[in-house]
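Visitor: Provided herewith is a single structure, encoded as structure tokens, for subsequent inquiry.
The values are calculated or read from the model by the stated rules, or taken from the named source; none is laboratory data. Computed from a predicted model, the values in this text were never measured in an experiment. Quick reminder, even Gly has a Cβ in these numbers, built from the backbone with ideal geometry, and neighbours come from all protein chains shown. These accessible areas exclude ligands, DNA and RNA; they are computed on the full protein's heavy atoms, side chains included. Shrake-Rupley method; radii C 1.70, N 1.55, O 1.52, S 1.80 Å.
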Amino acid sequence: MKLAPDRLATQLGQTLGALYVVHGDEPLLVSEAGDAIRAAARQQGFDEREILVSGPGFGWEALFASTGTMSLFGSRKVVDLRIPNGKPGKDGGDALKQLAEHTPDRAEDVLTLITLPELDWATRKTAWFGALDRRGVVVECNAPPREQLPGWIALRLGAQQQSAPAEALAFIADHVEGNLLAAHQELRKLALLYPAGELSLEQIREAVLDVARYSVEHLRMALLEGNAARCSRLLEGLAGEGTAPPLVLWTLANEVRTLARIQSAQQRGQPVAAAMKAERVFDDRRRNALQRALGRLRPGAVRAALAHAARIDRIIKGIAPGDVWDECLRLCLRLCPPGTARPAPGR
């Protein structure tokens with residue numbers, strides 16, 4: 001059973017499973033999901049907890065020793081297995097597959113919680129993860145994309161009996177993007193500073209710090225989505241954080257090259273889905289963004305963007321004049337629809 005983090009509480013209130021798998025790219029949500037599962041287990045008499053951490057020298061027989069035996073005191077227990085690198089290896093994969101195959105539907109004497117980091121496409125296709133996915137409750141804890149972040153913030157505010165208008169939610173989102181732990185802290189601060197009820201934009205401006213973390217991955221998606229204002233803000237943030245210009249250029253140029261190759265494949269009569277597979281585009285959000293970009297960009301515009309990226313490379317190497325960050329912004333603007341370069345709220 002696959003669950004989003006916001007559906008976990010409902011599931012825990014109905015039936016306590018014997019196997020939970022929590023994975024994702026957002027540490028705050030992973031931590032909260034694990035805490036919720038352990039709390040539900042305690043409420044149902046799972047008084048003991050044994051923590052196992054997979055790493056060099058870890059013996060997977062310890063997992064079966066923990067899950068296959070009762071506590072010395074006869075109490076129910078939680079076996080908390082953590083695989084920090086998400087790569088259990090062959091022995092670990094075999095052990096996890098065997099564990100899943102022998103796990104009952106409901107928790108009896110032992111509840112197993114497996115925590116993993118963000119999983120790549122190849123790992124999701126392994127036999128061991130497939131077995132866990134079929135037999136356990138799998139909670140994927142990824143950070144909400146930028147367009148969903150205001151809604152996520154509104155839900156969190158609602159949980160502390162507060163609300164805010166749309167422009168205030170957008171202001172918070174702009175200032176905490178890519179840093180949900182800081183977002184959580186800022187929202188808790190609002191609960192301490194102000195009473196229950198609706199908060200104004202002015203109150204939020206006074207209280208919320210700019211704790212956004214800017215990443216080249218965010219820039220990649222903003223470019224594909226054609227959001228010029230967000231590209232501008234992200235480039236400003238990346239420059240302010242001292243991000244290496246070659247990394248920024250590589251990210252932009254890589255997406256432009258991907259677009260060019262897919263367009264070329266289309267012109268040869270190849271289906272878009274096959275072209276994306278050849279380019280190893282498996283993430284649904286990136287695939288959808290690429291599809292929209294292909295719909296709005298002509299091949300000539302993409303070829304011009306490739307030439308622009310080559311010029312930026314010469315600037316970085318010192319063999320052509322110009323400002324790298326200004327040119328990166330101009331490159332983004334080439335690929336964004338007109339009228340999207342509005343200033344971001346609160347910036």
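Visitor: Modelled label-to-label distance, Arg188 and Asp323, 7 Å Cα→beta-carbon offset: nm?
Guide: Roughly 4.0 nm, to one decimal.
Visitor: Here is a further query. Which percent of the accessible heavy-atom area of segment 126-188 goes to carbon and sulfur, probe 1.4 angstrom?
Guide: C and S fraction of accessible area: 54 percent.
Visitor: Only four residue types carry charge here, +1 at the Cβ of Lys and Arg and -1 at the Cβ of Asp and Glu. Report the dipole size of the chain about the Cα centre in Debye, rounded to the nearest 20. Present the calculation step by step, with values, prior to reporting the outcome.
Guide: Values: 44 positive and 41 negative charges, 314 e Å.
Once rounded to the nearest 20, the dipole reads 1500 debye.
Visitor: How big is the accessible area of Asp25 in square angstrom, nearest 10, if you roll a 1.4 angstrom probe over the protein chains?
Guide: About 70 Å², ignoring ligands and nucleic acids.
Visitor: In addition: On a 0 to 90° scale, report how tilted helix 180-193 is relative to the longest principal axis of the chain, with both axes built from alpha carbons and the result rounded to the nearest 10.
Guide: With both axes taken from Cα atoms, the answer is about 80 degrees.
Visitor: Could you tell me how many degrees, from 0 to 90 and to the nearest 10, lie between the Cα long axis of helix 27-43 and the main elongation axis, the longest principal axis, of the Cα atoms of the chain?
Guide: So the inclination is approximately 20 degrees.
Visitor: Considering the options Ala164, Pro150, Leu180, tell which one lies farthest towards the positive end of the dipole of segment 146-207, charges being +1 on Lys and Arg and -1 on Asp and Glu at the Cβ, about the Cα centre.
Guide: Highest projection toward the positive end goes to Leu180.
Visitor: Can you work out the accessible area per residue across segment 4-128, with the rest of the protein chains kept in place, probe 1.4 Å, in square angstrom? Mind dumping the intermediate values first?
Guide: Numbers: 6410 Å² over 125 residues.
For segment 4-128, the solvent-accessible area averages 51 Å² per residue.
Visitor: Whole angstrom only: what separates the Cα centroid of segment 110-165 from the Cα centroid of segment 1-39?
Guide: Cα centroid to Cα centroid, the span is 8 Å.
Visitor: Give me the accessible area per residue for segment 139-213, probe 1.4 Å, as a whole number in Å².
Guide: Details: 3550 Å² over 75 residues.
That works out to 47 Å² for each residue.
Visitor: Let me ask something additional. Which trypsin sites (Lys or Arg not before Pro) in segment 58-126 sit in a loop by DSSP (not H, G, I, E or B) and have at most 16 other Cβ atoms within 10 Å of their own Cβ? If you can, show how the numbers build up before the last one.
Guide: Values: sites: Arg76, Lys77, Arg82, Lys90, Lys97, Arg106, Arg124, Lys125; in loops: Lys125.
Those satisfying the criteria are Lys125.
Visitor: Only four residue types carry charge here, +1 at the Cβ of Lys and Arg and -1 at the Cβ of Asp and Glu. Report the dipole size of segment 1-141 about the Cα centre in Debye, rounded to the nearest 20.
Guide: Values: 16 positive and 20 negative charges, 47 e Å.
Dipole magnitude for segment 1-141 comes out near 220 debye.
Visitor: Quick one: if you take sqrt(5λ) for each eigenvalue of the C-alpha gyration tensor of segment 1-103, what semi-axes come out, biggest first, whole angstrom? Numbers along the way, then the final one.
Guide: Values: eigenvalues 96, 71, 31 Å².
Each semi-axis is √(5λ); the values are 22, 19, 12 Å.
Visitor: Determine the sum of side-chain charges near Val139: Lys and Arg each +1, Asp and Glu each -1, restricted to other residues whose C-beta is under 9 angstrom from that of Val139. All intermediate terms of the calculation are to be shown ahead of the outcome.
Guide: Working: positive: Lys2, Arg7; negative: Glu140.
It works out to a net charge of +1.
Visitor: Loop only per DSSP, at most 11 neighbouring Cβ atoms within 10 Å: give me the GluC sites (Glu not before Pro) in segment 73-138, ordered by residue number. Don't jump to the answer; show the numbers that get you there.
Guide: Details: sites: Glu101, Glu108, Glu118; in loops: Glu108, Glu118.
Loop-located and lightly packed - Glu108.
Visitor: Any lysines with Cα under 29 Å of the Lys90 Cα? List them, leaving off those in the same chain fewer than 8 positions away.
Guide: Cross-link targets: Lys2, Lys77, Lys125, Lys277.
Visitor: Please report the carbon-and-sulfur percent of the accessible area for segment 7-85; probe 1.4 Å, protein heavy atoms only, DNA, RNA and ligands left out.
Guide: Numbers: 2040 of 3860 Å².
Here carbon and sulfur together make up 53 percent of the probe-accessible area.
Visitor: Taking a probe of 1.4 Å, how large is the accessible area per residue of segment 231-347, in Å²?
Guide: Ligands and nucleic acids excluded, the figure is 54 Å² per residue.
Visitor: Per 0.36 nm of contour for each residue apart, how much would the distance between Arg82 and Glu61 grow if the chain were fully extended, relative to their Cα-Cα spacing? Write out the running numbers ahead of the final one.
Guide: Values: separation 21, 0.36 × 21 = 7.56 nm, distance 1.48 nm.
Here the segment from Arg82 to Glu61 would lengthen by 6.1 nm.
Visitor: Over the residues of the chain, compute the C-alpha Rg and express it relative to 2.2 N^0.38 Å.
Guide: Numbers: Rg = 23.8 Å, N = 347, 2.2 N^0.38 = 20.3 Å.
It is 1.17.
Visitor: A follow-up question, please. Could you give each residue of segment 115-123 its phi-based ³J(HN,Hα) in whole Hz, using Karplus coefficients 6.51, -1.76, 1.60 with θ = phi - 60°, and x for Gly or Pro?
Guide: Using θ = phi - 60°, the values come out as 10, 10, x, 4, 9, 7, 4, 5, 5 Hz.
Visitor: At each listed q (0.21, 0.23 Å⁻¹), what is the log10 of I(q)/I(0) that the Debye formula gives for segment 146-207 modelled as equal alpha-carbon point scatterers?
Guide: -0.73, -0.89
Visitor: What is segment 196-347 by shape, rounded, prolate or oblate, if you read a ≥ b ≥ c off the alpha carbon gyration tensor as root eigenvalues and call it rounded for a/c under 1.5, prolate for a/b larger than b/c, and oblate otherwise? All intermediate terms of the calculation are to be shown ahead of the outcome.
Guide: On the way: a/c = 2.27, a/b = 1.43, b/c = 1.59.
The shape class here is oblate.
Visitor: Also, I was wondering about something else. Scan segment 307-337 for trypsin sites (Lys or Arg not before Pro) in coil per DSSP, keeping those whose Cβ has at most 11 other Cβ atoms within 10 Å, and list them by number. Provide the component values of the computation, followed by the final result.
Guide: Working: sites: Arg311, Arg314, Lys317, Arg330, Arg334; in loops: Lys317.
Of the trypsin sites (Lys or Arg not before Pro), the ones in loops of segment 307-337 whose Cβ has at most 11 other Cβ atoms within 10 Å are Lys317.
Visitor: For the chain, find the longest principal axis of its Cα atoms and tell me its angle to the long axis of helix 299-316, 0 to 90°, nearest 10.
Guide: 90
Visitor: Extending each Cα 7 Å along its Cβ direction at Ala207 and Arg330, get the distance between those two points in nm, one decimal.
Guide: Output for this residue pair reads 4.4 nm.
Visitor: Still on this structure, I have one more. With the full set of protein chains in place, find how many percent of the accessible area of segment 198-306 is carbon and sulfur; take the probe as 1.4 Å.
Guide: Numbers: 2630 of 5350 Å².
In segment 198-306, the share of accessible area belonging to carbon and sulfur is 49 percent.
Visitor: Oh, and also: What number, rounded to the nearest 500 deg cm²/dmol, is the helix-based mean residue ellipticity at 222 nm of the chain, given -39500 (n - 2.57) per DSSP H run of at least four residues and division by all its residues? Spell out each step's value before the answer.
Guide: On the way: 17 runs with 195 residues, N = 347.
Value at 222 nm, helices only: -17000 deg cm²/dmol.
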